[in-house]
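Values in this text are rule-based calculations from the coordinates and carry no lab data. Just so it is clear, the structure is predicted and the values come from calculations on it, not from any experiment. Note that each Cβ is placed from the backbone with ideal geometry, even for glycine, and that neighbours are counted across all protein chains shown.
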Amino acid sequence: MNYYEEGIFTNYIRAFPSEMDRMFQAIAYIVDQGIGGDILDEITRKSFRDTNEKYMNRLQKAALDRKDGFSILYQALLKWADSWKESFGNITEVNAVNKYKEKPLHTWFYCLISGKSYLFDSLINEEKVSVAKDEWEETRKIANQNLRNQNTIKQEKLLNYQNDKIKRLLKLYEKDKEVQMKELLFERKIAVFNESKWNEEQINSLIRNYNFGRVDQFSALNLSTSNIGIYDYYIFITTQASHSVKNQLDNRVPKEKVFLINYNNSDRVINEFISQLKGKLSENEK
């Protein structure tokens with residue numbers, strides 16, 4: 001079985017809140033059953049005093065805070081799946097119903113890693129409307145490959161359904177500016193020039209909520225001589241800044257990457273940054 005790469009799995013789970021909920025339900029099952037639990041120790045260890053509920057609450061928060069948290073959870077899920085995946089054999093539209101009734105979480109993860117998530121969607125009558133573009137492209141490749149390999153009418157019907165679904169999702173992507181913005185910001189490196197430094201919790205919250213790759217802070221009063229040309233966007237907080245630093249920044253990075261913000265609160269800063277970024281994108285489209 002060709003499993004998803006960790007990066008694809010992470011993007012997919014982050015794109016759908018319902019899939020993230022199922023992932024943590026499956027992780028809770030692992031915590032209760034024990035298979036794959038040793039891998040979860042990389043995130044946080046379970047002590048003898050922990051109840052399963054208390055441990056899950058701590059594990060979930062820690063996984064969300066870590067950049068590699070979902071990758072570790074995925075490895076635990078794969079180890080769990082290795083203990084039962086042979087019993088699923090070749091899941092089809094016919095036998096998937098019984099599999100789901102007996103073991104819904106097993107069925108969800110098996111469909112996901114075998115490239116047949118459309119089967120699970122049909123079982124629960126769910127259609128997703130927002131997903132990372134990379135995942136759509138990956139799913140389309142799987143669909144096209146399956147179409148070349150399968151010959152029966154029933155299988156072609158399932159694959160046609162999947163292709164139509166992907167086309168609808170791509171149309172939604174083209175129209176949905178918010179989805180495009182989330183993709184544009186995904187894994188981007190942000191440099192913030194301020195004096196009232198944001199604390200670690202604020203930084204982690206921004207990375208988690210907007211899926212930034214990293215957020216680093218620099219002095220807005222005294223610009224370092226170190227290289228600052230490695231970021232995708234530069235946010236300059238004007239209420240705490242020196243004109244000389246602003247001039248130096250203009251001389252060292254492209255103007256279109258610099259955003260002047262007249263706020264101090266981290267959330268308001270990022271909201272204004274996104275608003276300005278949308279404006280620049282709209283101008284470029286004209």
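Sparse packing (at most 13 other Cβ atoms within 10 Å of the Cβ) combined with a DSSP loop state is found for the following chymotrypsin sites (Phe, Trp or Tyr not before Pro) in the stretch 1-75: Phe48.
On a per residue basis, the convex hull of the C-alpha atoms belonging to the stretch 1-123 measures out at 102 Å³. Just to verify a number: FRET efficiency for Asn264 and Ala62, C-beta to C-beta distance, R0 = 35 Å, to 0.05? FRET efficiency, Asn264 to Ala62: 0.75. For Phe193, nonlocal amide neighbours, meaning residues 5 or more places apart or on other chains whose placed amide H falls under 5 Å from its own, are Phe218, Ile235, Phe236, Ile237.
Using a cut-off of 30 Å between Cα atoms, the listed pairs Lys116/Lys280; Lys54/Lys79; Lys46/Lys85; Lys116/Lys189 include Lys116/Lys280; Lys116/Lys189 as exceeding that distance.
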